[in-house]
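Reviewing the structure listed below.
Read-outs: derived from the displayed coordinates by stated rules, not from any lab. All values derive from a computational prediction rather than experimental measurement. Glycine gets a Cβ as well: all are built from the backbone with ideal geometry, and neighbour counts include every protein chain shown.
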Number of protein chains: 2
Amino acid sequence: MENLTIGKLARQVDLGVETLRYYERRGLIEPQSRTDSGYRLYSEDARERLQFIRRAQVLGFSLDEVAELLSLSDRPEQSAAEVKRLTRAKIADIETRILDLERMKSALSALEEQCPGHAGTTAECPILSALNQQAPEPVNGDIA
Amino acid sequence: MENLTIGKLARQVDLGVETLRYYERRGLIEPQSRTDSGYRLYSEDARERLQFIRRAQVLGFSLDEVAELLSLSDRPEQSAAEVKRLTRAKIADIETRILDLERMKSALSALEEQCPGHAGTTAECPILSALNQQAPEPVNGDIA
DNA sequence: ATAAACCCTGTAGTCGACTACAGGGTCAAG
DNA sequence: CTTGACCCTGTAGTCGACTACAGGGTTTAT
């Protein structure tokens, strides 16, 4: 159950061998050792680490952020404040993206409802008209 | 007010000259004509078209999709059904992305609330613990 | 007439997270 | 002792939407 070569590890965590080497370049994982011929050898811990990476990615963290989380995790004595800060920042980031998408969605939904579909031509389509019209941006008296 | 060179047009719509040439390569716009020396000359319509592009992008359409919308818009006799279909698909797409983000956000929020921050160490941080633990994925009896 | 500002084509770089070679060396099975 | 599966490094390609040159030619203002 030890001395995992990169291929075995990759199969176990369902990632490509190339991906593992890529993560290494990115500073996310390192093999425990190498054989004389240069083959990477991983310990069981590597599997945990890779699952950590995957879970963090699923939660929306970029690989750079995952690297940061991992390095914090590697120093168990340190304050959790930084982890909390990263998490808060990611939440804020996600909230912004949700709001943007909500805005797009409601704009599109409003247009979609008015579109005649098969019952009309593109010339009458309010979606295309909206895209052709000036967006009403009448705020600020535009002095200067 | 006519015979816009690429630079003038770019300034008017606040895009880079390179971007306009890029849009041309992507099949989104074409100059009305060229000078003998090969300079692109645009009509006023180009401005509308570029604003169309921008508005469609803001609504979440990719340049490929914008190209499709433009070509539909260029055939005013055709049924609006295709425009409606594209719009619906985009709405569905956005909804999926919102749901993904909502899921991330609630997972992160739950963890963030439990994190002690300055009051604790990374070893006690539930965010890192969660990333280190197996995700509870106990659905399906895993036969086969 | 000359310099600045503009235009052209064509190619390459950016970001993020991979993925795919090319051109080798190594190891286990038959 | 050879075949095939594995491993190595290093480089380049992918996607989308630009952005930035390099190495020219043209137009405009002085």
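Of everything in region B:15-46, what is within 12 Å of DNA strand D (Cβ to nearest atom) and within 14 Å of chain A (Cβ to nearest Cβ)? Give them in sequence order.
B:Leu28
Of all residues in region B:1-46, which are of a type in the set (D, E, K, R) and touching a strand residue (DSSP E or B) at 6+ places or on another chain (Cβ under 7 Å)?
Across region B:1-46, the qualifying residues are B:Arg34, B:Arg40.
Quick check on region A:80-124: of everything there that is in a helix (DSSP H, G or I), of a type in the set (Ser, Thr, Tyr) and at the interface with another protein chain (Cβ under 7 Å from one of its Cβ atoms), which residue is surrounded by the fewest Cβ atoms within 10 Å (Cβ to Cβ)?
Among those that are in a helix (DSSP H, G or I), of a type in the set (Ser, Thr, Tyr) and at the interface with another protein chain (Cβ under 7 Å from one of its Cβ atoms), it is A:Ser109.
Given B:Gln57, B:Gln12, which one is within 14 Å of chain A (Cβ to nearest Cβ) and more than 12 Å from DNA strand C (Cβ to nearest atom)?
Residue meeting the stated conditions: B:Gln57.
Tell me which helices (runs of 4 or more DSSP H) are completely within region A:1-71 and hold 1 or more residues being touching a Phe, Trp or Tyr at 6+ places or on another chain (Cβ under 8 Å), over 30 Å from A:Glu95 (Cα atoms) and in contact (Cβ under 8 Å) with a residue 24 or more places away in the chain, or say none if there are none.
Passing ranges, in order: A:6-13.
Failed condition for B:Arg49, given (1) more than 8 Å from chain A (Cβ to nearest Cβ); (2) surrounded by fewer than 16 Cβ atoms within 10 Å (Cβ to Cβ); (3) basic (Lys, Arg), with all others met?
It is condition (2) that B:Arg49 fails.
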